[in-house]
Every structure is written in C-alpha cells, then in structure tokens.
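Laboratory data are not the source of any read-out in this text; all were calculated from the coordinates shown. It should be emphasised that the depicted structure is a prediction, and the values quoted were computed from it without experimental measurement. Here the Cβ is made from the backbone with ideal geometry for all residues, glycine too, and neighbour counts use every protein chain on show.
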Amino acid sequence: LCSFLGLLYQEYRDKSTREEIETRRLQDSQTDPEETSPSEETPSEAEPTSTIENKTPPQINLLRNSNSRFNLWQDLPEVQSSGVLSILQPDEIKLQEAMFELVTSEASYYKSLNLLVSHFMENERLKKILHQSEAHILFSNVLDVMAVSERFLLDLEQRVEENIVISDVCDIVYQHTVNHFSVYITYVSNQTYQERAYKQLLQDKPAFREVITQLELDPKCKGLSFSSFLILPFQRITRLKLLVQNILKKVEEKSDRESTALDAHKELETVVKACNEGVRKMSRTEQMISIQKKLEFKIKSVPIISHSRWLLKQGELQQMNGPKTSRTLRTKKLFREIYLFLFNDLLVICRQIPGDKYQVFDSAPRGLLRVEELEDQGQSLANVFILRLLENADDREASYMLKASSQSEMKRWMISLAPNRRTKFVSFTSRLVDCPQIQCVHPYVAQQPDELSLELADVLNILDKTDDGWIFGERLHDQERGWFPSSMGEEILNPKIRAQNLKECFRVHKSDDSQRRKLGSRNRQ
C-alpha cells in the first residue's frame, strides 16, 4: 500500500511549511494582500500525484506514479479535462486544494509509518538485539496508529474517488477522531520513556547502534533519522488540526461545511491537548519527586508533590541586603544569592546549601504575589525588581528586592511570578489593538519551562520583547504562550496580513468563545 508514493512525510511536511513561510513573506511585502493570486495564497502540502485509474476501494491508489509532478488538485488531469475549473469560483478552488492537501498528506504520512514498521520495527537483526519490553517501549502502539491511519486514508480516498469535486472531508475527520484517534494519546504519552529508552540503548548496546545506523543509511530512508520516524504520530496529529483550520478558513460562513469543520477541529483539539497533557504528566511527576528530595525546610514544611502542581520556573537571583532605605554602593555584599522554585500555585524561596540541596526560608501562594519594576538607577541597580508576598510563610506581607542577570531574565521572572500583569503589547484575546506579529522561520525547542517550542510557519502575537533578543509570544492556532529567541522569527509588517491572521483565528475558535477565554487564562498561569 502506498508503495509508489514519492515523498516521505518528513520531507513533505518540511516542503509544505517552507512554502507557507515564502507565501507569507510575499504577502507581507505587498501593499494590498487582496492582490495575491490563488496559487500563492494556498501553499500546498500536496504530494506528486497522477490520474486515479482504479476506482475500486479499498485499494489505496492515490498518488500512484511518483514520476508525475502534480502538486495541486487543479493540476490533476481528470480535473483539467473535466472543465470544472472554468465553472467553480476561485474560493471553491482554494477550498478543494485545502481538502486535497489533507488527503495527500495522510497518504505520505502512512507511507512513512509503514517504513517505520517494515524497515525498523520488523527488522530481524533488531528483533534479536532488543528484549521484548525494550521493543515495546521503543515502538509503543505504532501498529495501532498505522492501522488507524490506513482506515482513515481509505475513507478519504473513497470520498475523493466519488467525485472529482470533493464534497467534504471534515465529516470523515470528525468520525475518525471521535472513534479511533485515542491511539495517538497512548503513543504520544509514552514519548518521555521512548526517548529515554532510545538514548539508553544507543549507549548500552553497540550492536543496536550499529544496526540503526545501517538502517538509516538505506536509500529508502532518504537520509532521515530513526528518531524522525518515531516522532511522526505527534507531528501528524498536530498538523491535522492545522489542515482542518486551513479548510475552516476557506469554507463559506454559516454553511454545513463550516459546521462540520468546526466539529472536527474541536475534536482534534481535544486529542492534541490530551497528547500534550500525557507528555507533560510523565515528566512533571518525576521532576516534582526530584525537587522534593532537594528541599530542606527552615520554616514549617510544605508538601511539594501534588497531582495538580508543576514547575514553571526555577533559578538563582540576587537579593538586595537590608531595607530599601539603606541602599549603599559602598558595601561589597550589596546582594546575596537566593534560589526560587516557582510552581503553578506556589513560590518557594531558598538558599543553596552544600550537597545540591536548598534550604527553604519563605513561601507564598502564587496568587498572592505582586511584582514591580524598579526604575533604572544606574548599573548596580539595573534589572532589579521588587517581589511582594502579600501573605508569606509567617502569614504576613514581605518584600524582596531582586536582581536578575539580564533584562530578559528579569522580564521572564516578572511575567512568571505575576502572569496577569500587563505586558508591553496587548494580547489578541482581548480583541483590542493591532498587535505585533511574528512568523517562525527556524524551529525552536524549549529549554526552560517558561519557553515555547516553535514549529516552522507558526504565527504568534508578540506580547513582550527584550533588548537582549527574547520575545514573549502567544501562538495564534492554540493560544500557547512562552518565551523564545527573536532570531527564530521574522516580524509580519503588513497590518492587513496581521488583521487577516487575527480574523481567521477568531473564526476558527468562534465555536466555543468561552472555552478560548478559559484556555487563554490557563496558559497565562
């Protein structure tokens, strides 16, 4: 099945997102976004394809000839010869392309999954090296995921074969998401253990390392790594949501197709959130246990481990000695080190002691924290802010004057400690002024809990920025917030494009406005 497909999903996805970036650059440089031609406005993730000859399901026959170079629905010979292109409105052609893209990308994804199973998982040498439990952690329920993709693709292809003008695909997406896509949650939740097992096997078993390297060098892998195949399901379920969003932006308002697309999007969003939660839960529990072991309480002990608690930020800051009135630059020990652990509901203030331990001397609920930036008073007081605990461990108010190592570090602490504090730019969730926007041109993997991982072509509102190269942003498609280096993106300068991005975003999330607001407030936490 799908043996004649040209591109693996990893190549396909990369090509698609880079086209999306170039399209947005082109639009951004134009004075009037309305001038953009249909092909420019609709970057396609479409796979090389050919005329569909065999009409008999369940044979997967889409995109059979890899020598053909049909990237778009409108380039299919059957579509070209039918005359429909002269009848359909330009908006309907764009919608056809968006639906066709969802189908062709699923075919490419299925091909890559098939390779993961047939080339890696079922390799006889690898089977002999791996213990059954190791193989299970490494490959998880990938066979279930592949079976779900196959069934989904068959239904999509059958729909495409019914008529050259595709009626809808979101009804099929909805049915499969509700009934079958829970396998993705199982697979993605195992990701933390999967990554750890893979690193351990590479380290402990030279024979495993040798076989994997040989398999990766096979021409059919096209230079792609084994780990890029393992992460496919998580990438696909996230991408599928974006492809449905793309359809949703193009369907006529208040139509049946809009209603179906909204339903499909809502179900996919539920699955993606459950996947994210699954990954976080695994790593958070281990992290909390590790922190608990390092803390020694000088004050009344606070139980750290809780199912509803996780770490938001930790790190060292300089605390100014003495009351505010006794500021003097003559003392050498103007500041002393303190260490903060900030959780989603609690702040713990410590001093580091020998043996990689931390002695806790104060704490406060996160909701009772206030921060205030200190006006610049010379180099020694640069990047200084005041942290107020409205009710500390002794049930009284306390203030700390804290100095960060840089402007970005100070802002990151202030936003984490008091998330509802107003940022430099207004968030789009408030539906107020035109907000600066940026599109991601380099992928970024978050290094700290308050950072945001970015995928190519992500569009974000800029909520705050620092002079030393960091941006605090809110991604439009899921309202996730976090910090990332400004070098990862390019600012969108055309106000019409920014307005269009916001309009599309509101439309995608209009089915549950209250849920969007709730989501926004939760991500600020």
29 Å Cα-Cα threshold exceeded, pairs from K199/K313; K111/K281; K15/K281; K199/K403; K273/K298: K111/K281; K15/K281; K199/K403; K273/K298
Where the centre of each part is set by its Cα atoms, how far does region 262-297 sit from region 161-199, in angstrom? 19
Which order, highest average first, do 288-299, 155-166 follow once you tally other Cβ atoms within 10 Å for each residue and take the mean per peptide? 155-166, 288-299
If packing is taken as the average number of other Cβ atoms within 10 Å across a peptide's residues, how do 121-131, 493-503, 259-269 rank, most packed first? 259-269, 493-503, 121-131
For E391 and E491, extending 7 Å from Cα along the Cα-Cβ vector and measuring point to point gives, in nm, a value of 4.3
Work out how much length E277 to Q352 would gain on full extension: take 0.36 nm times their residue separation and subtract the Cα-Cα distance, in nm to one decimal. 23.9 nm
Cα→Cβ-extended label distance, 7 Å offset, between Q287 and F506, nm: 3.5
Using 0.36 nm per residue, how much length does the chain from A499 to Q407 gain when fully extended, once their Cα-Cα distance is taken away? 30.1 nm
FRET efficiency for E253 and S182, Cβ-Cβ distance as r, R0 = 35 Å, nearest 0.05? 0.65
Treat each spin label as a single point 7 Å out from the Cα along the C-beta direction, and report the S227 to L334 distance in nm. 4.3
Theoretical FRET efficiency, 1/(1+(r/R0)^6), r = Cβ-Cβ of E375 and Q200, R0 51 Å, to 0.05: 0.50
Can you tell me how much longer the chain between E316 and N141 gets when fully stretched, taken as 0.36 nm per residue apart minus their C-alpha distance, in nm with one decimal? 58.9 nm
For Y193 and E296, what is the calculated FRET efficiency with R₀ set at 35 Å and r taken between the beta-carbons, to the nearest 0.05? 0.70
Going 7 Å from the Cα of N163 along its beta-carbon direction, which residues of region 241-267 have the amide nitrogen within less than 16 Å of the resulting point? 252, 256-258
For 407-420, 274-287, ranked highest to lowest by mean beta-carbon neighbours within 10 Å, the order is 407-420, 274-287
Please report the orientation-averaged projected area of region 437-517, defined via the convex hull of its C-alpha atoms, in nm². 5.6
